[in-house]
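Handing you a structure now.
The values are calculated or read from the model by the stated rules, or taken from the named source; none is laboratory data. Since the structure is predicted, the reported quantities are computational estimates derived from the model, not experimental observations. Positions of Cβ are backbone-derived with ideal geometry, glycine not excepted, and every protein chain shown enters the neighbour counts. Just the protein is used for accessible areas: all its heavy atoms, side chains included, with ligands, DNA and RNA removed. Shrake-Rupley method; radii C 1.70, N 1.55, O 1.52, S 1.80 Å.
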Amino acid sequence: MTSLAVANPGSLIQSVDWVAIAPPLIAAVAALAVLVTDLFLPEQHKKWLGRITAAGLALALISLLPLTGGSPRATFCAQNVAGVTDNAGCSYVADHFALVFQLLALGGALIAALLSTHTVETERLPGGEYWFLLLSSASGAALLPASRDLATMVIALEVASLPAFALVALRRDGRGAEAALKFFVSSVTATAVMLLGIGFVYAASGSLHLSAVAQGLEHAPGQLKPLAEAGAVLTLVGFAFKVAAVPFHFWVPDTYTGAPLPVAGYLSVVGKAAGLSGLALATTIAFRPYAHTWGLVLAVLAAVTMTAGNAGALRQRFDTRYSAVRLLAWSSVGQAGYLLVPLAAAGYAPTVADPLGATAAYALIYGVVNLGAFGVVAAVGRRAGTSVDDFRGLFGRRRWTALALAFFLLCLAGLPPGVIGLFGKVVVFRAAVDAGLGWLAVVMAANVVVALYYYLLWTARLFAPAADGGTQGAAAVEHRLPAGLTATLGLTASVAVVLSVAPQLVLQVAGGSLF
């Protein structure tokens, strides 16, 4: 009789650190709670589903607090990963890097949830499905930054992506289905390419844990190096798609336009944060032996992405329907290029701490102001598509809303009084210069100047006379905004102002080690 016993049965027993995995776990449990509650809740009480969603995301954010002090916490650790130290053999590590991007993912999802409360009601979206999909996607986005093996990273990326396809398609007006189809086909193609690359990397390194992959690639036989290099490039494709880097950006304008506005805002921040965290982990840990190769590739990718995004924004007509959303979509592509600059610099820096910190700091700044801008667009065009020209004279009709959007646009442009946006760009610019990427810093500076044109042109429309010559009469005072939109604008504007007054609250992330 064959014995099925193992030499060391204790090595198969895992002691799960529930505190470490609490942020994504709470979001996942809240998703199941919303799905079950929807079955028994009467139609007139469906609003409670949105409140449960916001409460679950807030609780997930609070669960980050016990993880902020002390050394990183890890769980799901393999005892048989050879040649690794510390937490390198663990599949889940709650270090500073993970906490920063989990804060961005869960915080962005919470703001998107507040922004969604009015949209779900007015557009008659299926509430139970909407909130379940939003929470499910947020749990995947929160899991990805803490993942430390390629298999977990792929699973987390798909958990973040698959619900997002359905969220885009929930708007039943034809545009939603088309937008979701473009999003789905592009994403599936990128995922297939990434899985092929991971297969190559595993064949060359003999492991899926990121640190073990780095050691395996460093000592790989000469005949396997071409396979390993091809695998590294193909693996980065899936994450580049989520970041919306060129040439994987064509889905962005149409998908953002066809999706409900809160979903577009969610994809522009949380989806981008998930892809950015995966890209940072794969390059700086797993593919560190090929640092100069992927450093150059990311530098070229950053330059092309920011240029293509700003060129697309410049070509956008302001008088067409949904031009405000399309302009923000092209702007998000340009911002993705800025976010890639510190990652490219990490390929040339002796340590990855400072460049990754610059990426994290800029991502936090971008997340707050971009969601705020989507909130204003949702407030102005609550029942119809919104063009940029519809914002003409907004200051005369809704003063504080216009001031909020002007502040968000100036932050994105990097102009005072949007001081936090200016400091964020300086941090990114410095990362490129310190790494010896002077040419990339020049390209970035040129793109920042180009972007000023459309940001300032939109800002000027807010204070220009209305199309009818300013005779708004009683219509100048509009009804009060719904509570969800008011909370979104108040929260994002307050955070942006506080960060502009005290930028060290977020810029200190750029000065410390994330690993």
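For the subset of the range 301-328 comprising residues that are within 20 Å of ALA179 (Cβ to Cβ) and of a type in the set (Val, Ile, Thr), which member is least open to solvent (accessible area, probe 1.4 Å)?
VAL325
So, in the range 258-297, how many residues would count as being among the β-branched types (Val, Ile, Thr), closer than 22 Å to ALA308 by Cα and either open to solvent by 20 Å² or more (accessible area, probe 1.4 Å) or out of contact with any Phe, Trp or Tyr (no Cβ under 8 Å at 6 or more places or on another chain) (or both)?
Total satisfying the criteria: 2.
Another one. Inspect all residues belonging to the range 118-137 and state whether any of them is of a type in the set (Gly, Ala, Ser) and closer than 25 Å to PHE239 by Cα.
Yes.
Still on this structure, I have one more. Do any helices (runs of 4 or more DSSP H) entirely within the range 382-447 hold 1 or more residues that are in contact with a Gly (Cβ under 6 Å, 6 or more places away or on another chain), in contact (Cβ under 8 Å) with a residue 12 or more places away in the chain and open to solvent by less than 20 Å² (accessible area, probe 1.4 Å), and if so, which?
Per the criteria, 399-413, 419-434.
Here is a further query. Could you go through the range 120-130 and let me know if any residue there is out of contact with any Lys or Arg (no Cβ under 6 Å at 6 or more places or on another chain) and more than 25 Å from GLY381 (Cβ to Cβ).
Looking through the range 120-130, at least one residue is out of contact with any Lys or Arg (no Cβ under 6 Å at 6 or more places or on another chain) and more than 25 Å from GLY381 (Cβ to Cβ).
Is the range 99-116 home to any residue that is under 30 Å from LYS46 (Cβ atoms), surrounded by fewer than 19 Cβ atoms within 10 Å (Cβ to Cβ) and not charged (D, E, K, R)?
There is no residue in the range 99-116 that is under 30 Å from LYS46 (Cβ atoms), surrounded by fewer than 19 Cβ atoms within 10 Å (Cβ to Cβ) and not charged (D, E, K, R).
Testing VAL300 on (1) over 14 Å from the mean Cα position of the chain (by Cα); (2) touching a residue at least 24 places away in the same chain (Cβ under 8 Å); (3) in a helix (DSSP H, G or I), one condition comes back false. Which one is that?
(2)
May I ask you to verify whether LEU281 is in a helix (DSSP H, G or I), modelled with pLDDT of 85 or more and in contact with a strand residue (DSSP E or B) (Cβ under 8 Å, 6 or more places away or on another chain)?
Criteria met by LEU281.
So how many residues does the range 215-241 have that are open to solvent by 10 Å² or more (accessible area, probe 1.4 Å), under 18 Å from the mean Cα position of the chain (by Cα) and either at pLDDT 85 or above or closer than 21 Å to ALA378 by Cβ (or both)?
Final tally of qualifying residues: 1.
Here are the criteria: (1) open to solvent by 40 Å² or more (accessible area, probe 1.4 Å); (2) at pLDDT 90 or above; (3) not in a helix (DSSP H, G or I). Tell me which single one LEU59 does not satisfy.
(3)
Does GLY140 qualify as being small (Gly, Ala, Ser), open to solvent by less than 20 Å² (accessible area, probe 1.4 Å) and without any contact (Cβ under 8 Å) to a residue 40 or more places away in the chain?
For GLY140, the condition - small (Gly, Ala, Ser), open to solvent by less than 20 Å² (accessible area, probe 1.4 Å) and without any contact (Cβ under 8 Å) to a residue 40 or more places away in the chain - is not met.
Does LEU125 qualify as being open to solvent by 10 Å² or more (accessible area, probe 1.4 Å), in contact with a Ser or Thr (Cβ under 8 Å, 6 or more places away or on another chain) and not in a helix (DSSP H, G or I)?
yes
Scan the range 242-264 for residues that are part of a helix (DSSP H, G or I) and either closer than 24 Å to VAL368 by Cβ or among the polar types (S, T, N, Q) (or both) and jot them down.
Within the range 242-264, LYS242, VAL243, VAL252, PRO253, THR255, TYR256, THR257, LEU261, PRO262, VAL263, ALA264 qualify.
Continuing with this model, one more query. Within the set of pairs 6 or more residues apart or between chains, which connect a residue that is among the charged types (D, E, K, R) inside the range 198-223 to a residue that is assigned to a helix (DSSP H, G or I) with Cβ atoms less than 8 Å apart?
GLU218/PRO289
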